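Participant: Here it is, the structure, as structure tokens.
Just so it is clear, none of the values below were taken in a lab; they were calculated from the coordinates. Owing to the predicted nature of the structure, the values given are computational and were not obtained by experimental measurement. In this analysis, Cβ positions are derived from the backbone assuming ideal geometry, glycine residues included, and neighbour counts consider all displayed protein chains.
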Amino acid sequence: MTRVLVGGVTGRMGRAVIAAASDRDDVNIVAGVSRDPPGEIDGVPTESAADLEAALSEYDPDVLVDFSTPDASRTLVAACADADVACVVGTTGFDDDESVFREASESVPVLVASNFSRGVQALLRAVEGAVSDLPGYDVELTETHHNGKRDAPSGTAKTLLDRIAAAGGPDERVHGREGDAPRQPDEIGVHARRAGGIAGEHEVLIANDHEELRLSHRAADRGVFADGALDAAAWVTGRHPGRYEFSEVISE
Ligand SMILES: NC(=O)C1=CN([C@@H]2O[C@H](COP(=O)(O)OP(=O)(O)OC[C@H]3O[C@@H](n4cnc5c(N)ncnc54)[C@H](OP(=O)(O)O)[C@@H]3O)[C@@H](O)[C@H]2O)C=CC1
Ligand SMILES: O=C(O)C1=N[C@H](C(=O)O)C[C@H](O)C1
């Protein structure tokens, strides 16, 4: 049974991870951390991130599953690497500085993914294929999330943008549209909507003057991300130090 420490345990995803784990027999949530003082959520002890080293020593986890903030995540990953604890990171909104993951991956296995849904992995492959099959078509991306989401565009949107560019699609990112000029061929419009409790939607529109292709994914609830992250946690535990991808987890 894989022993999991949850980073950001009091948050929307932290609670979803606890709920998802209660239906599984391959993982055990041994504790969680947040900024809050010590407490309990659904029988899981929660500790303050200020006492992280003590929590790592007391609960002896195999793996961190982190859904918090970029700053908190960097601190958690560095401490877990020092304590020989594997890291699964779902937090998004990082800048381009990957040094903490690079350093941690020298001593423990580290798996970072902007989206732990299997459907989104299929969407990524479908979008890559469509973009490379349809050179010269216009491409636009829209993502929609709940009103509490901090980062925009979403981590998944950034992953889609990277894959579209790598597949030969447009690379000039235009965030929202405003003003008085037509779309340029190398542009890719990126649109972020925030409303209500929407768990996560992504759509890629590919069009020319004669046809439109729309590839989209909608998460019905956060359980899909939580289960994917727990699949990753069970899979990554015991592997050699290094960087791993969620696509490797679902291909086995
Ligand atoms: N990869 C994926 O599949 C998914 C990724 N995400 C990403 O996960 C992240 C979290 O999302 P969500 O759960 O909605 O966010 P919430 O705001 O609901 O939760 C954030 C959590 O982080 C904790 N936190 C904040 N600062 C610190 C700190 N300094 N030290 C320790 N803990 C801290 C908060 O605790 P408190 O405020 O009590 O201190 C809270 O528990 C986001 O980046 C989101 O984009 C979300 C869904 C799926
Ligand atoms: O914050 C969220 O909720 C989500 N964040 C991830 C992202 O930024 O892509 C994944 C999912 O869309 C939900």
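Participant: Hey, can you grab everything whose amide H is under 5 Å from the amide H of I29? Only 5+ residues off in sequence or another chain; H modelled, so Pro and N-termini drop out.
Facilitator: V4
Participant: Roughly how tilted is helix 155-166, in degrees to the nearest 10 and between 0 and 90, from the longest Cα axis of the chain?
Facilitator: 50 degrees
Participant: Taking every DSSP beta bridge that has both residues in region 118-218, what percent is antiparallel when rounded to the nearest 5?
Facilitator: The antiparallel proportion sits near 55 percent.
Participant: From the phi of every residue in region 65-79, what ³J(HN,Hα) in whole Hz does the Karplus formula 6.51 cos²θ - 1.76 cosθ + 1.60 yield, where θ is phi - 60° and glycine or proline is x?
Facilitator: 10, 10, 10, 9, 10, x, 5, 4, 5, 4, 5, 5, 5, 4, 5
Participant: Follow-up question, since we're still on this one. Could you tell me which residue out of G90, A192, L205 lies farthest along the dipole of region 90-210 toward its positive end? Charges go on the beta carbon: Lys and Arg +1, Asp and Glu -1, centred on the Cα centre.
Facilitator: So the residue furthest toward the plus end is G90.
Participant: Assign unit charges at the C-beta atoms only (+1 for Lys and Arg, -1 for Asp and Glu), then state the dipole size of region 118-218 relative to its Cα centre in Debye, rounded to the nearest 20.
Facilitator: On the way: 13 positive and 18 negative charges, 148 e Å.
About 720 debye.
Participant: Let me spell out the model: positive unit charges on the Cβ of Lys and Arg, negative unit charges on the Cβ of Asp and Glu, origin at the Cα centre of the chain. What dipole size does that give, in debye rounded to 20?
Facilitator: 520 debye
Participant: Where does helix 118-133 land angle-wise versus the long Cα axis of the chain, in degrees 0 to 90, nearest 10?
Facilitator: Value to nearest ten degrees: 30.
Participant: I would also like to ask the following. Name the residue, out of D23, D162, D97, whose mean-square fluctuation peaks in a Gaussian network model built on the chain with Cα pairs under 10 Å.
Facilitator: Per the Cα network of the chain with a 10 Å cutoff, D97 tops the list.
Participant: Which ³J(HN,Hα) values in Hz, rounded to whole numbers, follow from the phi angles of region 18-25 under the Karplus curve 6.51 cos²θ - 1.76 cosθ + 1.60, where θ = phi - 60° and Gly and Pro get x?
Facilitator: Along region 18-25, the couplings run 4, 5, 5, 5, 5, 9, 10, 10 Hz.
Participant: Under 5 Å between amide H atoms, partner at least 5 residues away or on a different chain: which partners does Y244 have, H built in plane at 1.01 Å?
Facilitator: V110, L111, V112
Participant: Sticking with this one: Take every Cα pair under 8 Å in region 118-218 that's 6+ residues apart, average their separations, divide by the length, and report that relative contact order as a whole percent.
Facilitator: Over region 118-218, the number comes to 39 percent.
Participant: Can you give the net charge of the other residues whose Cβ lies under 9 Å from the Cβ of A19, counting K and R as +1 and D and E as -1? Working shown, then result.
Facilitator: Values: positive: R15, R222; negative: D23, D42.
Combined, the nearby Lys, Arg, Asp and Glu give 0.
Participant: Sticking with this one: What percent of all Cα-Cα pairs in region 121-252 falls into each 10 Å bin, going from 0 up to the bin containing the maximum distance?
Facilitator: 11, 37, 33, 16, 3, 0
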